[in-house]
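> Following this message is one structure expressed as structure tokens.
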Protein chains: 2
Amino acid sequence: MQPERAAAILDFLALADRLKTVERRGRVVLPDGATRRENSAEHCWSLALIGTLLHAEVAEPVDLGRALMMVAIHDLVEIEAGDTFAYDVAGRATQAAREAAAAETVFGLLPGDLGGRLRALWEEFEAGTTSEARFAMACDRMQGFLQNVMTGGIAWKEHGVSRADTLPRMTPAMQVDPVFAALIGRLYDRAEAEALLGPEA
Amino acid sequence: MQPERAAAILDFLALADRLKTVERRGRVVLPDGATRRENSAEHCWSLALIGTLLHAEVAEPVDLGRALMMVAIHDLVEIEAGDTFAYDVAGRATQAAREAAAAETVFGLLPGDLGGRLRALWEEFEAGTTSEARFAMACDRMQGFLQNVMTGGIAWKEHGVSRADTLPRMTPAMQVDPVFAALIGRLYDRAEAEALLGPEA
């Protein structure tokens with residue numbers, strides 16, 4: 001490996017480390033029962049674990065290596081663009097433009113061939129048209145929902161998120177495969193039983 | 001998916017979430033320049049990113065899906081056994097027995113077929129004999145070292161870790177492929193230039 005290539009990879013990893021300080025709205029339960037906000041690096045690991053568990057359960061074949069690469073890199077643009085809460089309508093309106101600019105900066109740190117491959121994977125995830133991108137999307141949306149259910153719906157309550165608010169995000173995930181429909185369906189049942197989601201507007 | 005299977009997977013994911021509260025000795029730099037300890041979930045995500053960057057750079061072919069599954073699950077035993085610092089000699093002596101017992105508990109939560117597959121992957125990682133296990137090991141060791149270099153060697157200084165202390169862990173990683181030798185070699189150069197490692201005993 002050429003010294004310039006090694007240096008660029010290490011510089012990229014140093015920048016990427018900031019994803020550990022990008023906070024999401026979802027919570028993590030601490031050993032003492034208190035909660036703190038989850039960060040995007042932790043979120044990405046949870047997706048990888050969900051993907052590991054479910055890739056052999058879904059009907060459509062998934063190239064797991066490609067899906068887990070997408071999972072690992074899908075939120076890197078947040079280092080520059082910040083996390084946009086799933087139910088922040090104003091933020092969602094500008095999200096695509098902010099994240100495209102961020103992708104230039106973040107993936108641009110890498111050697112051209114490697115940066116191009118990662119950027120293409122990120123664009124594939126965003127486009128959501130391949131089997132791997134759809135699988136990764138379903139894992140992503142299930143994870144955010146699960147994190148809310150596991151932590152008493154704190155983020156939902158803080159932001160007044162109702163069941164109807166969640167459907168535009170969760171319905172496409174449930175449509176990816178009956179496995180996601182079954183798992184997310186159970187989570188909806190639990191959210192209802194525990195009154196975790198807010199009242200309809 | 002049978003209801004019992006879905007319930008077991010969700011129970012496992014709830015337990016696995018505790019990995020976000022298992023603290024390592026390595027640090028993460030916060031936006032204000034202060035540091036906090038890295039947790040094992042964040043560490044696993046960093047490994048996945050390193051694996052994503054390097055899998056096509058190494059000479060020996062790696063099944064990336066299997067390698068990234070190993071990366072995602074390799075520290076789950078820490079939920080029960082705790083993180084053992086790389087340079088904690090007493091802790092290392094009991095680590096294998098503690099982690100084997102933890103594997104029973106953690107992977108035992110899953111349906112038998114799925115728990116068996118994950119446990120086999122964890123054992124493969126621990127044995128370190130396949131291409132994927134050796135690649136994941138090298139990513140793991142490089143990540144811990146890089147995290148120390150990026151954060152001013154705080155954990156090394158706290159625990160009096162010298163260059164000689166690191167060699168038994170880092171030499172096998174550097175032997176996996178010249179790519180790891182080049183990257184870790186650069187990190188050693190930087191650690192030396194910045195006097196991050198402690199004096200030899």
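The values are calculated or read from the model by the stated rules, or taken from the named source; none is laboratory data. Since the model is a prediction, treat every value here as computed from it, not as a measurement. All Cβ positions, even for glycine, are placed from backbone atoms using ideal geometry, and neighbour counts span all protein chains on display. Just so you know, the surface numbers come from the protein's heavy atoms only, side chains and all, with ligands and any DNA or RNA stripped out. Shrake-Rupley method; radii C 1.70, N 1.55, O 1.52, S 1.80 Å.
> Filter region B:163-196 down to residues that are farther than 19 Å from A:Ala6 by Cα and over 20 Å from the mean Cα position of the chain (by Cα) and give me whichever is surrounded by the fewest Cβ atoms within 10 Å (Cβ to Cβ).
B:Ala195
> Take the residues of region B:62-80 that are more than 8 Å from chain A (Cβ to nearest Cβ) and of a type in the set (Asp, Glu): which is surrounded by the fewest Cβ atoms within 10 Å (Cβ to Cβ)?
B:Glu80
> Also: Go through region B:79-90 and report how many residues are touching a helix residue (DSSP H, G or I) at 6+ places or on another chain (Cβ under 9 Å) and outside any loop (DSSP other than H, G, I, E, B).
3
> Scan region B:51-61 residue by residue and report those that are open to solvent by less than 50 Å² (accessible area, probe 1.4 Å) and more than 9 Å from chain A (Cβ to nearest Cβ).
Result: B:Val58, single match.
> Determine, yes or no, whether B:Thr129 is open to solvent by 20 Å² or more (accessible area, probe 1.4 Å), of a type outside the set (D, E, K, R) and in a helix (DSSP H, G or I).
When the stated conditions are applied, B:Thr129 does not pass them.
> Being over 27 Å from B:Phe145 (Cα atoms), outside any loop (DSSP other than H, G, I, E, B) and hydroxyl-bearing (Ser, Thr, Tyr): is that true of A:Thr94 here?
Answer is yes for this residue.
> Here are some residues: B:Leu76, B:Leu121. Which one is at pLDDT 95 or above, in a loop (DSSP other than H, G, I, E, B) and more than 27 Å from A:Ile9 (Cα to Cα)?
Within the list B:Leu76, B:Leu121, the selection yields B:Leu76.
> Name the residue that is nearest to the other protein chains (Cβ to nearest Cβ), counting only residues in region A:10-21 that are touching a residue at least 40 places away in the same chain (Cβ under 8 Å) and touching a helix residue (DSSP H, G or I) at 6+ places or on another chain (Cβ under 7 Å).
A:Ala16
> For B:Leu110, only one of the following conditions fails: (1) closer than 21 Å to B:Val29 by Cα; (2) not in a helix (DSSP H, G or I). What is its number?
Against the list (1) closer than 21 Å to B:Val29 by Cα; (2) not in a helix (DSSP H, G or I), B:Leu110 comes up short only on (1).
> State the number of residues belonging to region B:131-162 that are of a type in the set (Ser, Thr, Tyr) and free of Cβ contacts under 8 Å to residues at least 60 places away in the same chain.
Going through region B:131-162 one residue at a time, the tally reaches 1.
> If you go through region A:13-34, how many residues are over 17 Å from B:Glu42 (Cβ atoms) and either within 21 Å of the chain's Cα centre (by Cα) or assigned to a strand (DSSP E or B) (or both)?
So the count comes out to 1.
Let's see how each residue does on (1) in contact with a Pro (Cβ under 8 Å, 6 or more places away or on another chain); (2) within 14 Å of another protein chain (Cβ to nearest Cβ):
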{"site": "A:Glu126", "(1), (2)": "no, no"}
{"site": "A:Gly144", "(1), (2)": "no, yes"}
{"site": "A:Gln147", "(1), (2)": "no, yes"}
{"site": "A:Met150", "(1), (2)": "no, yes"}
{"site": "A:Ala155", "(1), (2)": "no, no"}
{"site": "A:Ser162", "(1), (2)": "yes, no"}
{"site": "A:Ala191", "(1), (2)": "no, yes"}
{"site": "A:Leu196", "(1), (2)": "no, no"}
{"site": "A:Glu200", "(1), (2)": "no, no"}
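> What is the residue count in region B:149-165 for residues that are of a type outside the set (Gly, Ala, Ser) and touching a Leu at 6+ places or on another chain (Cβ under 7 Å)?
Matching residues across region B:149-165 total 4.
> How many of the residues making up region A:22-50 are in contact (Cβ under 8 Å) with a residue 12 or more places away in the chain, open to solvent by less than 40 Å² (accessible area, probe 1.4 Å) and within 8 Å of another protein chain (Cβ to nearest Cβ)?
Going through region A:22-50 one residue at a time, the tally reaches 9.
> Same structure, new question: Just to check your reading of the model, which residue among B:Leu110, B:Leu114 is open to solvent by less than 20 Å² (accessible area, probe 1.4 Å) and either closer than 30 Å to B:Ile154 by Cβ or facing another protein chain (nearest Cβ under 7 Å) (or both)?
Sole residue among the options that is open to solvent by less than 20 Å² (accessible area, probe 1.4 Å) and either closer than 30 Å to B:Ile154 by Cβ or facing another protein chain (nearest Cβ under 7 Å) (or both): B:Leu114.
> Kindly list the number of the only condition in (1) in a loop (DSSP other than H, G, I, E, B); (2) modelled with pLDDT of 90 or more that fails for A:Arg66.
Single failed check for A:Arg66: (1).
> Ok, one more. Exactly one condition in (1) surrounded by fewer than 22 Cβ atoms within 10 Å (Cβ to Cβ); (2) at pLDDT 95 or above; (3) touching a helix residue (DSSP H, G or I) at 6+ places or on another chain (Cβ under 9 Å) is not met by A:Asn148; state its number.
(1)
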